[in-house]
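Peer 1: Below you'll find the structure I mean.
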Amino acid sequence: MAIERVSDLLGRGKTLFSFEFFPPRTEQGWNRLFHSIGTDLLPLEPAYVSVTYGAGGSTREYTHRLVTRIQSEFNLTVVAHLTCVGSSRAEIAGILDQYRAAGVCNILALRGDLPRQGGEESRRSDFSCAAELVSFVRNYMPEASIGVAGFPEGHPDTPNRLLEIEYLRRKVDAGADYIVTQLFFDNRDYFDYVERLALAGITLPVVPGIMPVTTRKGMQRMAELAAGARFPAALLRAVERTHDDQGVNRVGTHWATAQVADLLNRDVPGVHLYTLNNSWSTIHICRNLGLESYRL
């Protein structure tokens, strides 16, 4: 499998499936993740995978290590998350130099979570917003394929939905190639979002991000991390009928399968599965769809 630019892959007109991982903090976590990738997830043939970045760049070194290791060991196209919060231009340039040397040519440019007050994570950033980071990456690494984030349910820090789309337009004008959405549980939010972007003249591919519910505690964590995320009443009722987290996992996987099936039927450019480093839901969504792999 050749390493490719995500923008080129999206340009071929087929729905692409991709997976997202986060860097483990322990050696045991690394071993477990790489076993899962090699044994469970690689046979599902994702078009590419992405690796997250902690608040204020707190997992920067872990992210770089995971990106380069996945790409070199599995020959997979990898998208490296990059955030501008707490970063200087020199630091970002150094990271991009490392990625270029490793053959990594895909970047997801994000503002990143706002850091805690005080300490290393509250360092002043040379970038005031994601659009400035996109512009810097585009100029410093013109060969890169650059993705940016979109928010079908609205960005939690921007209640003005018209202004939110204007902020996205700035990222597009700065050099973004495609958009990946925050998680959502009602496909109507996604399709309405794409239509509103088109009305605003934004016609880049918009890849929906799907995160299956796996535990009750995980739902609370989702609600905290994706502030503003809306859990439909039908999903909440289904979760309430379960007796344990195994039941919640099955409900969440069923719900995500229905979402993905609808998205596929409507020819979306891609589906980005937030795996939480867990292969169970990802495997079962594929099987529930009647697919041998996610390579369509």
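The values are calculated or read from the model by the stated rules, or taken from the named source; none is laboratory data. All of these numbers come straight from a predicted model, not from anything done at the bench. Cβ atoms come from the backbone with ideal geometry, glycine included; neighbour counts cover every protein chain shown. Just the protein is used for accessible areas: all its heavy atoms, side chains included, with ligands, DNA and RNA removed. Shrake-Rupley method; radii C 1.70, N 1.55, O 1.52, S 1.80 Å.
Peer 1: Working out 0.36 nm times the residue gap between Arg241 and Asn75, then minus their Cα-Cα distance, what length gain in nm do you get to one decimal?
Peer 2: 55.5 nm
Peer 1: Quick one: which residues, 5+ away or cross-chain, put their amide H under 5 Å from the amide H of Gln182? H built at 1.01 Å from N.
Peer 2: Gly150, Phe151
Peer 1: Quick one: work out Rg over Rh on the C-alpha atoms of region 1-105, Rh as Kirkwood radius.
Peer 2: That ratio is 0.97, to two decimals.
Peer 1: How far apart, in nm, are the 7 Å Cα→Cβ label points at Arg100 and Arg12?
Peer 2: 2.7 nm
Peer 1: Tell me the Kirkwood radius of region 116-255: reciprocal of the mean inverse pair distance over distinct alpha-carbon atoms, in Å.
Peer 2: About 17.0 Å, per the Kirkwood formula over Cα pairs.
Peer 1: If I ignore ligands, DNA and RNA and count only protein heavy atoms, how much of Arg266 is accessible to a 1.4 Å probe, in Å² to the nearest 10?
Peer 2: Ignoring ligands and nucleic acids, Arg266 comes out at about 130 Å².
Peer 1: For the chain, divide the Cα radius of gyration by the Kirkwood radius and give the resulting Rg/Rh value with two decimals.
Peer 2: 0.94
Peer 1: Would you calculate a helix-derived [θ] at 222 nm for the chain, using -39,500 (n - 2.57) for each DSSP H run of n ≥ 4 and dividing by the full residue count, to the nearest 500?
Peer 2: Using -39500 (n - 2.57) per qualifying helix, the result is -13500 deg cm²/dmol.
Peer 1: Output ³J(HN,Hα) for region 250-262: one whole-Hz value per residue in order, computed from phi by the Karplus curve 6.51 cos²θ - 1.76 cosθ + 1.60 with θ = phi - 60°, and x for Gly and Pro.
Peer 2: Values per residue, Gly and Pro as x: 5, 4, x, 5, 4, 4, 5, 4, 5, 4, 5, 4, 5 Hz.
Peer 1: How long, wide and thick is region 154-210, going by the Cα atoms along their three principal axes, in whole angstroms, largest first?
Peer 2: Principal extents (Cα only, largest first): 29, 24, 18 Å.
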